[in-house]
Amino acid sequence: MPGRIVMDSHAAPHTNGLKTDLPTMADTAPAQHNALSIGYSNGTIKEEDELLPPELEHWAHTYVPMGKLLERMAQQCYFELGDLVEQMADLNIAAPQTNGASTSAPDVSKVSVDKKLRLMNFANTQQARFIKALVLSDWARNMGDMDKLIELRMWLTQQDEATSLVANSIVNMKTNMVAAKMPNPNIEGALELLSTSKAPWLPDLGYIAPKPLSAQKLLKTLRDMNFVLSVRLNLHEQLPSHFCNYSIANGRATFVVPDEFELDLAVTDEDTTSPFYFIDIRFLFSDAPPLPDGYARQSLEGKVNQILQLEGLSAAYEFLHGFVLTHKISLLRRQAFELSRTRWTECLHVEPIHRSLVVQYWTGQPGGKSWIEVGIVKGSNGQSSERAHTPARLNIRWFRAGKEVPDVRFDIDAANPSMEQILNQVTAAHMTLRLGTVRDQIVAISPPNSALAIDLNVSSTDPNACALSTKLGQHGSETILRIIPVNGNISISPVSSASIDVERRLNADPSIDAAQIVTYLNCKLVQDQITRQAVQAGWLLMPTDKQADTNKVFQEQIVRRTTFTRHGWGEDWAICLTISLQGVKWWIVHLTYTSPTSRIITTAETLAIPSTTKLFDRQTVMLIESRAVAQVSLSNISSQLRAQNISHEIRHVAASASAQANTSSSPLSSSTTTAVIGMKFEDVMQPSSPVERKTWIPWCGSTMVLTHHGVDETAKDTVKVIHVLKTTLTPQTAETLSPLINKPVQDISFSPNGILALALPTHFGVDLLQLIKTKLSAVERLASCLSALKSRNFAVEKATMQGLVFVYSSPSAPFTLKAGIAFTNQGIHLRFPAAHDNETPHRRILPLLQKLLETPVSCTSPLQESARFENLLNLLHATTPLFSAFTRIENKDSSGKQCKAFSRSLVQHRLVYSEPLHPMVLEIEFRRKEGKDFWSVTLVKNTPDSAEKKEKSLDLLAKAWQGKDLPGVKGFRSGIIADVDAIGKILIAIDEVVRGEEPRVGNGNGNGDGQDIVVLD
């Protein structure tokens, strides 16, 4: 039974116990079965326990605490009391005129009474409030009972509302069923009408049907109507300007309003005051459906006929013109809804408002909303002589970011109204403004010599043609910034990880500085392109810490920078790429460690790159690397020269065509340098000691030229930078070094014209000045050695920068004695090669000779080294006869027991004879007196020999020289003095005397006349 309401004790919450229908048999069957199943055994059924009523809904969670109420009442009382005090203070009471006499009469003035009245009213109001609070506090003491009362009251209210709702639903259902009722069919009337074609129940009014018109009569009537219309329109009607284009045919006048409508009107009377009647209307713009028969056509026809009868053709035109404009707005609205469902999904919001249309575009963009309002603007009535009559027209108002943009007009095609075309114009204008703003911001932050090329393409109708293209310098790729017409998001091409990040930032925050982001993107793209090419060419990235003074170091506003290095460059120098709005620049930077893991840039020097370099390829990388190596070397040597106060000059010169065309691999024959350094030879090589400086003579010209010759490509594990130092030798030095002319000497070239060229291969960043000094010192050492050999008439067999091989024996000697000199960083080393299968006699004193050549660490002067070498040559010359005689004497005794030669030092030697020969010890010492060298041969005094043996020894010595004519030999009782060339002969003579042989040397008379006998110390 529909509509029945019962109480359900097991109803769900919030249903107030209402149940819409009784349970079905299927629902009650289980309950009955359960009831029967729990009955007594005697078959009787126990009566069901009474069910409890449903639990009422609780409302305690909506109560306001009593303390909160009292707190608010106290606050309100305080604020009202403050307001009352301020109001009473504004009421001034005039002082009474008492003439000096005091009175106790009460103040009954109006102001005083008003103050008292306000104070009493305030007190009464507050008293009433707090009395209510007191009553509420009494009720609150019985909160349990009050809670139940409130729940019951709310339940009753809900029951009343549910009852009223059900009653209203029944009434509404009954009302709505009226339209669904169908009357009973009149079957009897239908049968009579169909069988007799008569309806006797309808009244007969007695109308006489007119006779049908013939074709001639109909044609004549139409011609008469055409004539009447022609006469009336030409003679009696003042047509509006937009109705001047008309035609008359078939009894009707057709007025044509371009791009709007065609209107057919007719008249029914020849009276010129009779009204026109609406016949038909046809719309002349696209997508407009014809006006169908029905309610809309009847309403339009009636309205137009009423206007024609009351106001005439002008008013009819204004009405139909407004009707067409409204129709066009409806058409645009339909197109807008279609776009919002298809192409502009979730990007367009359409809202019609009366006779206007509001279309919000780019709804997903953050920030202020942007929309257009398509409406009708009223025209002028033409009553003023200054302004002609203008009809109403469609107009578009544009709001960008919530603000109306004035002085902007968008065209609406009257013949083909299109919402998509309107949106294209609006979005194109929006893009033009937005991209133009970005361009102006970029121009504002760009320096005067900016290398950023900016090109803004705009279009008033095609949003896809609006784009902002930027390109940084010659190395950058063109970056095009566009706005997607549908959703307004910024799109950047070409696509890269950097452009995607920039798009995200620009689309997320419209207030962000787009100019800074776009310039950053251009710099980042150039940086990525160059970094990729550099890494492929073998460069290494060197991370550096962020610095607050970066712009101060580089002296310009830097946007991006990258530091590169090469394997073998070390950690002090690097190449830095900086990218700014001025373009791409390369720098040589010096790095300093602030901690073991962080470093910063301390100095930066511009690296000059030819302006013709347009593409950054592998060849450009090699060019930059070579320029960087040259500039680092130039900077290093300049700082070293300044630190040591050496006069120098730097000049930049262009590489000659011949040098560029030369393909020789020798570093001494080709040069592509662009900078040379001139320095003074005296400042570089002059001794530091004032004493040596007085005797030092320059052996080269005053000017030395240092040029850079690139990197040694053959070095695999390290980077070797090659410099060439050129200078002019003095004539004496050139003559001394003439044996080396045109001979292949490593890293050194001696030309016949006296030009000395030194190749200086060094590791990257190594002290080059010290290498120059070392190389020049080696040349100076070689020259001094050759000069010393030449002064001794020693023949030079081989001369290189690593050493010398010379012959120090006389040409008349039976065999050739050679010595080798090796030049090392530790000094000069002496070597004796074998000659004619005979051992060199000086091998016995090789350690002593080597010690003579050793230079102390504290004394590294070239003059001292040259002096030691000269002493070596002197000793070789002086000791050659001596050691040759020692060798001959020792060879006579194969056992080595009868005679032995010992060298106590380079100038002191001993010859010891033992039994069976006469035992004695000869002391042989080298001496110099008055610039003349000689040897002295004496007996050793502190021997344990007896006086008899000593006398015999002296006799043997005297026997060796007495009666013999020995050139360069002088004999004495205590010893012998012999020249350098004669020492060998006298020693052989002494040996023969000691051995009892007849001396075979001697050409003198043997008596020793004229020779004085002296005792030597």
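Any read-out appearing in this document is the output of simple, stated calculations on the displayed coordinates, not a laboratory observation. Remember, it's a predicted structure, so these values are computed and weren't measured experimentally. Don't worry about glycine lacking a Cβ; one is built from the backbone with ideal geometry, like all the others, and counts go over all protein chains shown.
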Which whole number of Å³ per residue matches the convex hull of the alpha-carbon atoms in the range 281-338?
83
Mind sorting Met431, Met88 by how few other Cβ atoms lie within 10 Å of their own Cβ, fewest first?
Met88, Met431
Quick check: pseudo-label points 7 Å beyond the Cα along Cα→Cβ at Asn186 and Lys303, how many nm apart are they?
3.7
Mean separation of Cα contacts under 8 Å, 6 or more apart, over the residue count of the chain: relative contact order %
3
Could you tell me which of Leu852, Ser791, Val108 has its Cα farthest along the dipole of the chain towards the positive end, charges placed at Cβ (Lys, Arg +1; Asp, Glu -1), taken about the Cα centre?
Ser791
Return the distance in nm (one decimal) between the two label points of a simple spin-label model at Glu682 and Arg393, each offset 7 Å from Cα along Cα→Cβ.
9.5
Given a Förster distance of 51 Å, report the FRET efficiency between Ile646 and Gln441 from their Cβ-Cβ distance, rounded to the nearest 0.05.
0.45
Taking a ≥ b ≥ c as the square roots of the eigenvalues of the Cα gyration tensor, with a/c under 1.5 meaning rounded and otherwise prolate when a/b exceeds b/c and oblate if not, the range 523-642 is rounded
Could you work out how far helix 618-643 tilts from the main Cα principal axis of the chain, as a 0 to 90 degree angle to the nearest 10?
50
Label-point separation, Arg223 to Lys110 (7 Å along Cα→Cβ), nm:
9.7
Order by neighbour count: Met182, Met920, fewest other Cβ atoms within 10 Å first, most last.
Met182, Met920
Mind checking the dipole of the chain: about its Cα centre, +1 per Lys or Arg Cβ, -1 per Asp or Glu Cβ, Debye to the nearest 20?
4140
Cβ density ranking, 10 Å radius, fewest first, applied to Asp264, Asp413, Asp138 yields Asp138, Asp413, Asp264
Estimate the FRET efficiency between Met801 and Thr730 by the formula 1/(1 + (r/R0)^6), using the beta-carbon distance for r and 22 Å for R0, to the nearest 0.05.
0.70
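For the range 183-258, rounded, prolate or oblate, judged on the Cα gyration tensor with a ≥ b ≥ c (square roots of eigenvalues), a/c < 1.5 rounded, else prolate if a/b > b/c?
prolate
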Any idea what the relative contact order of the range 337-422 is, in percent, if you count C-alpha pairs under 8 Å spaced at least 6 apart?
18
Å³ per residue enclosed by the Cα convex hull of the chain:
761
Considering Cα pairs under 8 angstrom that are at least six residues apart, work out the relative contact order of the range 695-823 and quote it in whole percent.
17
Can you give the extra length, in nm with one decimal, that the chain gains between Ala822 and Thr62 once fully stretched, where that is 0.36 nm per residue apart less the Cα-Cα distance?
262.6 nm
On the formula 1/(1 + (r/R0)^6), with r taken between the Cβ atoms of His763 and Gln864 and R0 of 41 Å, the FRET efficiency rounded to 0.05 is 0.85
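For each pair in Lys790/Lys929; Lys328/Lys369; Lys900/Lys970; Lys471/Lys524; Lys892/Lys932, compute the distance between the two Cα atoms and list the pairs where it is over 22 Å.
Long pairs (Cα-Cα over 22 Å): Lys790/Lys929; Lys328/Lys369; Lys900/Lys970; Lys892/Lys932.
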Once the dipole of the chain is set up from charges on Cβ (+1 Lys and Arg, -1 Asp and Glu), the residue from the list Thr594, Pro881, His723 lying farthest towards its positive end is Pro881
When the charge dipole of the range 216-326 is computed with +1 on Lys and Arg Cβ and -1 on Asp and Glu Cβ about the Cα centre, the Cα farthest towards its positive end, among Ala253, Leu308, Gly294, belongs to Ala253
Please give the contour-minus-distance gain from Arg129 to Lys892: 0.36 nm per residue of separation, less the Cα-Cα distance, rounded to one decimal in nm.
259.6 nm
Tensor-based shape of the range 337-422 (alpha-carbon gyration tensor, a/c under 1.5 rounded, otherwise prolate or oblate):
prolate
Stretchable slack from Asp509 to Ser791, in nm (0.36 nm times residue separation minus alpha-carbon distance):
92.5 nm
Arranged from highest to lowest average of other beta-carbon atoms within 10 Å per residue, in what order do the peptides 807-813, 372-378 appear?
372-378, 807-813
